[in-house]
Amino acid sequence: MEKLVGACMFGQSGGPSSVINSSAAGVFTEALKQDCITAVYGAAHGIKGVLNEEFYDISKEDMSELMLLKNTPSSALGSVRYKLKAEKVDDTDYKRLLEVFKKYNIRYFFYNGGNDSMDTCNKVSKYMKKSGWECRVMGVPKTIDNDLFGTDHCPGYGSAAKYVATTTMELKLDATVYDTPMITVVEAMGRHAGWLTAASALACAKGLGPDLIYLPEVPFSTDKFLADVDKKMKENNGKCMVVISEGISDENGTLIAEKINENVAKDSFGHAQLGGVGTALANLCKEKFGCKTRAIEFSLMQRCGAHLASKADVEEAFKAGAAAVKYAVNGKTDKMVILKRDTASGKYKCKVGVMDVAKAANTEKKVPLEWIINDGTMLSQDFIDYALPLIQGDSKAPLEDGLPRFAKLKKVFVEKK
């Protein structure tokens, strides 16, 4: 097969993670090796950077800095939450993308993100093909929520899960130190899928986990919640620790966050901006039981905590980025890289593959209901067995003066043509 010659464009989209830059490092270092790739560009703020013709020349970066990306959290190029409208509704963005792609001879497009980002990949790929512009489009998976369909797990989840489990263990020790009653409510990220909240169950496996865990997969009842807490306090000498997902909703599907705040803000994708559910439930507990309560929101910390990154996660994220380039150079397009679990040897191994990106676009993978036990308040051993391999090992940035040395990119803009 004759190789497609031209430039490549890489962009990051959606919520960052502690390993999204590891995927970027995988894409950049592999693309720079390929003779058929004539230039390597990094879009400033994802698809918006392409539309605005603002992207960086990655060949100007030092290789040592690109490798430091493996252990640098957040999105080094800048992220974005921007959803392309359907072409039939408004094709303005599509025409502009085609114009930019032709102007810079962009023949490879790699987009790193979650569900909405895969939707962008799918739309861009279909439009380029329809327009007759040969461009190989590959989605590189990323989400701490672990909710991308078709992949065993997502780069970013293992490290965030390790953060949740480790911090839960530390909080458990702190929250039970006094001889007086106390209720601790911890809020983890997760809109419709409770994978991150479920990770707190890994702390239970070490005897330092929460008493109750609530995922959005199971309808949430405030009355049942208070009854569950009351029962645990009686069993545990007045102590109870709860971990909840920000996306818990009632039996009608209404988010508890929206019931608490009817005027909750929306993001650019139209999603309700969550947060504050833990505080509201802690206040309910204080009114009901009259004891000390604490509400703790992991918030951004769970997705940028590179100091607790999983080595398995860092390496798999890098592998996913590099694989996207290799697959594209070898003719694959309109695909998303997936991670496949191989336990044939009795030990966990991770292999890469691809699937149609359309299958991942706007599709969510949720925690299996059979893994949610104890009347919707705990996770089974099946979940523990699934998640433990993903949090193994440490991979941290080198230290300078006791602090992490993160990548410092030059970010040299490509001169507009």
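Mind checking the per residue accessible area of the chain for me, 1.4 Å probe, whole number of Å²? Before the final figure, lay out each step's value.
On the way: 17670 Å² over 417 residues.
I get 42 Å² per residue for this part.
Among the DSSP beta bridges whose two residues both lie in segment 166-310, what percent are antiparallel, rounded to the nearest 5?
Details: 2 of 18 bridges.
Percent antiparallel among DSSP bridges in segment 166-310 is about 10.
If you take the beta carbon distance between Lys292 and Leu399 as r and set R0 to 30 Å, what does 1/(1 + (r/R0)^6) give as a FRET efficiency, to the nearest 0.05? Could you put the intermediate results ahead of the total?
Numbers: r = 38 Å, r/R0 = 1.25.
Computed FRET efficiency for Lys292 and Leu399: 0.20.
How would you order 276-283, 410-417 from highest to lowest mean count of nearby Cβ atoms within 10 Å? Can you show the working numbers first?
Details: 276-283: 20.1, 410-417: 11.8.
Highest to lowest by the protection proxy: 276-283, 410-417.
Along the charge dipole of the chain, which of Ser249, Ala160, Met67 sits closest to the positive end, that is, farthest toward it, with unit charges on the beta carbon of Lys, Arg, Asp and Glu (+1, +1, -1, -1)?
Toward the positive end, the furthest listed residue is Met67.
For the pair Val89 and Lys417, how long in nm is the line joining their label points, each one 7 Å along Cα→Cβ?
Simple spin-label model gives 3.1 nm for this pair.
Could you give the distance between the Cα centres of segment 70-109 and segment 342-359, to the whole Å?
Segment 70-109 and segment 342-359 have Cα centres separated by 28 Å.
Let me have the 222 nm mean residue ellipticity of the chain computed from DSSP H runs of 4+ only, each contributing -39500 (n - 2.57), with the sum over all residues rounded to the nearest 500. Spell out each step's value before the answer.
Working: 15 runs with 146 residues, N = 417.
The helix-only estimate for the chain comes to -10000 deg cm²/dmol at 222 nm.
Can you give me the solvent accessible area of Met189 with a 1.4 Å probe, rounded to the nearest 10 Å²?
That residue has around 30 Å² of solvent-accessible surface.
Compute the FRET efficiency between Asn237 and Ile384 as 1/(1 + (r/R0)^6), taking r as their Cβ-Cβ distance and R0 = 30 Å, and round to the nearest 0.05.
Numbers: r = 26 Å, r/R0 = 0.88.
Once the sixth-power term is evaluated, E becomes 0.70.
List the residues, sorted by chain then number, that are 5 or more residues from Thr184 or on another chain and whose placed amide H is less than 5 Å from its amide H.
Close amide H contacts, sequence-distant or interchain: Cys240, Met241, Val242, Arg294.
Modelling each spin label as a point 7 Å along the Cα-to-Cβ direction, I'd like the Asn252/Met301 distance in nm, to one decimal.
So the two model labels end up 3.5 nm from each other.
Ranking request for peptides 44-52, 245-253, 343-351: highest mean number of other beta-carbon atoms within 10 Å first, then the rest in descending order.
Descending packing order for the listed peptides: 44-52, 245-253, 343-351.
Could you check what % of the DSSP bridge pairs in the chain are antiparallel, to the nearest 5?
Numbers: 20 of 54 bridges.
Antiparallel: roughly 35 percent of the beta bridges in the chain.
May I ask you to compute the full-extension gain from Lys351 to Asp152, defined as 0.36 nm times their residue separation minus their alpha-carbon distance, rounded to one decimal in nm? Spell out each step's value before the answer.
Working: separation 199, 0.36 × 199 = 71.64 nm, distance 1.01 nm.
Working it through step by step, the gained length comes to 70.6 nm.
For segment 67-168, what class follows from the C-alpha gyration tensor (a ≥ b ≥ c being the square roots of its eigenvalues): rounded when a/c is under 1.5, otherwise prolate if a/b is larger than b/c, else oblate? Display every interim value, and only then the final one.
Working: a/c = 2.58, a/b = 2.02, b/c = 1.28.
Prolate, since a/c reaches 1.5 and a/b exceeds b/c.
Sorted by accessible area with a 1.4 angstrom probe, largest first, how do Ser79, Ser64 fall?
Values: Ser79 35, Ser64 75 Å².
Of Ser79, Ser64, the descending order of accessible area is Ser64, Ser79.
Net charge near Thr197, counting Lys/Arg +1 and Asp/Glu -1 over other residues with Cβ under 13 Å of its Cβ?
Numbers: positive: Arg191, Lys366; negative: Asp145, Asp147, Glu187, Glu217, Glu246, Glu297.
So the environment of Thr197 carries a net charge of -4.
Just for segment 40-176, what percent of DSSP beta bridges are antiparallel, to the closest 5?
35
Can you compute the charge dipole magnitude of the chain about its Cα centre, using +1 on each Lys and Arg Cβ and -1 on each Asp and Glu Cβ, nothing else charged? Give it in debye, rounded to the nearest 20. Before the final figure, lay out the partial values.
Numbers: 56 positive and 53 negative charges, 250 e Å.
Dipole magnitude for the chain comes out near 1200 debye.
What distance in nm lies between label points placed 7 Å from Cα along the C-beta direction at Lys408 and Lys129?
That separation, rounded to one decimal, is 4.5 nm.
Give a residue-ordered list of calculated ³J(HN,Hα) values for segment 180-196 (Karplus: 6.51 cos²θ - 1.76 cosθ + 1.60, θ = phi - 60°; whole Hz; x for Gly, Pro).
10, x, 7, 10, 10, 10, 9, 10, 10, 6, x, 7, 10, 10, x, 4, 5
Roll a 1.4 angstrom probe over the protein heavy atoms and tell me the percent of accessible area of the chain that is carbon or sulfur.
Numbers: 8690 of 17670 Å².
Whole-percent figure for carbon plus sulfur exposure: 49.
Can you give the accessible area of Trp371 in Å² (nearest 10), computed on protein heavy atoms with a 1.4 Å probe?
Its heavy atoms expose roughly 40 Å² to the probe.
Pairs of alpha-carbon atoms within less than 8 angstrom and 6+ residues apart define the contacts here; what relative contact order does the chain have, in percent? Please report the intermediate quantities before stating the final value.
Details: 958 pairs, mean separation 99.5, N = 417.
Answer for the chain is 24 percent.
Compute the signed sum of charges (Lys and Arg +1, Asp and Glu -1) over the other residues within less than 12 Å, Cβ to Cβ, of Val367. Spell out each step's value before the answer.
Values: positive: Lys365, Lys366; negative: Asp145, Asp147, Glu217, Glu364, Glu370, Asp382.
So the environment of Val367 carries a net charge of -4.
Students often get this wrong, so try it: which of (i) -0.47, -0.59, -0.92; (ii) -0.43, -0.57, -0.98; (iii) -0.26, -0.35, -0.68 is log10 I(q)/I(0) by the Debye sum over Cα atoms at q = 0.06, 0.07, 0.10 Å⁻¹ as calculated from the structure shown?
(iii)
Can you work out ³J(HN,Hα) from phi for every residue in segment 214-225, in order, using Karplus 6.51 cos²θ - 1.76 cosθ + 1.60 and θ = phi - 60°, giving whole Hz and x for Gly and Pro?
Those phi angles translate into 10, 10, x, 5, 10, x, 9, 10, 4, 5, 5, 4 Hz.
The values are calculated or read from the model by the stated rules, or taken from the named source; none is laboratory data. Given the structure is predicted, the values throughout are model-derived calculations rather than measurements. All Cβ positions, glycine included, derive from the backbone under ideal geometry; neighbour counts span all protein chains shown. For accessibility, only protein heavy atoms count, side chains too; no ligands or nucleic acids. Shrake-Rupley method; radii C 1.70, N 1.55, O 1.52, S 1.80 Å.
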